[in-house]
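Below: one structure, written as structure tokens.
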Amino acid sequence: MNPVTYALGIAAASLTLVVVAEMLRRRKLRERHAVWWVLAGIVALAIAVFPGLLTAASNLLGVEVPSNLVFFASIAVLFLVCIQHSAELTSVESRMRNVAEHAALLELRVHELEQRSSSGDAS
Amino acid sequence: MPVALSMTLIVMPALNEEETVGAVVAETLRELPGVSCLVVDDGSTDRTAEIARAAGALVARAPYNLGVGGAMRVGFRYARDHGYRAVVQVDSDGQHDPASVPTLLALLDDADVVIGARFAGVGDYRVTGPRWWAMRVLSAFLSAFTGTRLTDTTSGLRATGPRALTLFAQHYPAEYLGDTIESLVIAHRAGCRIAQVPVAMRPRAGGTASHNPVKSAVYLGRAVVALIFALVGAPRSVAADRLEPKAAP
């Protein structure tokens, strides 16, 4: 394998891990969302350092072209992460809706209490 | 005994209805003495809330647009927390006649949800073309499902009795068309009885119903999807709700 390609693979995988680690450190990413990216980064780094791993895995699974295994695994991970995000978005929306309804009711109650107390002052 | 007007909450979801809401609230309070009227301002950018309050209504303002379903859930929660026995949904654009509310309340003796139906022989409200067919298909299906003859399942005039009120305060659906179709499915699956009563409608103050076949097809498609999700969804039970305020002492 061309040494430049070899270095490129390692650099890309390392960059991914560094970005995820830095975002975690800055609290811009929660652990539960980062776990997939950390796992993917570690696997990518392992394969970049030891390309033999990929060849071995492909042979084991009967995948003729090793890069196809990479594409397959990547797409599967991205697909699952997308579904997880959609599910989380749904639950966030429903919580936000709950909070909005709650806020509307509280505002009405504050208004009622204010009126009651101001009429109480007047009498 | 029908539910007394003093135990009834009229809920009006309103989105930018400053031209009509004042008159509708005033007419409602005049026609139905003793009734409470809650206008849920669903994220309006005009003076809807101010005008409704001046006309004598209670006003709850949603911080952003929740849709009719979300607005109605605010109304159901308010009714439950303040001990109302019935909720009647009335449109704030003036197309519903408040005088028909006692007719709906009378039927709550035998049913938990009463729909004010527009095509059931009273009045001259007409919808034609593909949209009519879309509404017919929905009504036919929901009639078969609930075992009651329903001719106008998308009507925005409906009364809810004490049992369905508790259910809806927790589970009123907020998705598109959920407030009309899915709510009936939820109510029926929870063991509530559904009935309809013919009412006369007035023409809408502004805007006309769509007669575009493509729009009607999209409407029917979305309605069918909403219906399928309602049917395959887990049945709702009356469970503890963590975000509840205590009723005012």
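The values are calculated or read from the model by the stated rules, or taken from the named source; none is laboratory data. Small disclaimer: the values here were computed from a predicted structure and weren't measured. Cβ coordinates were reconstructed from backbone atoms using ideal geometry, including for glycine residues, and neighbour counts include every protein chain displayed.
The table for this structure:
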read-out: Test for A:Thr55: is it within 14 Å of another protein chain (Cβ to nearest Cβ) and more than 30 Å from B:His82 (Cβ to Cβ); value: no
read-out: Condition broken by B:Arg47, with the remaining ones in (1) within 12 Å of chain A (Cβ to nearest Cβ); (2) closer than 17 Å to A:Glu107 by Cβ; (3) surrounded by fewer than 24 Cβ atoms within 10 Å (Cβ to Cβ); (4) charged (D, E, K, R) satisfied; value: (1)
read-out: Qualifying residue in segment A:92-114 (condition: surrounded by fewer than 16 Cβ atoms within 10 Å (Cβ to Cβ), touching a residue at least 24 places away in the same chain (Cβ under 8 Å) and either within 14 Å of chain B (Cβ to nearest Cβ) or over 15 Å from the mean Cα position of the chain (by Cα) (or both)); value: no
read-out: Selected residue (criterion: surrounded by the fewest Cβ atoms within 10 Å (Cβ to Cβ)) from residues of segment B:57-88 that are over 15 Å from the mean Cα position of the chain (by Cα) and more than 13 Å from every other protein chain (Cβ to nearest Cβ); value: B:Gly83
read-out: Any hit, segment B:130-145, residues being within 22 Å of B:Val3 (Cβ to Cβ) and either out of contact with any strand residue (DSSP E or B) (no Cβ under 7 Å at 6 or more places or on another chain) or in a helix (DSSP H, G or I) (or both); value: no
read-out: Number of the exception - B:Val224 against (1) modelled with pLDDT under 85; (2) of a type in the set (A, V, I, L, M, F, W, C); (3) within 15 Å of the chain's Cα centre (by Cα); value: (3)
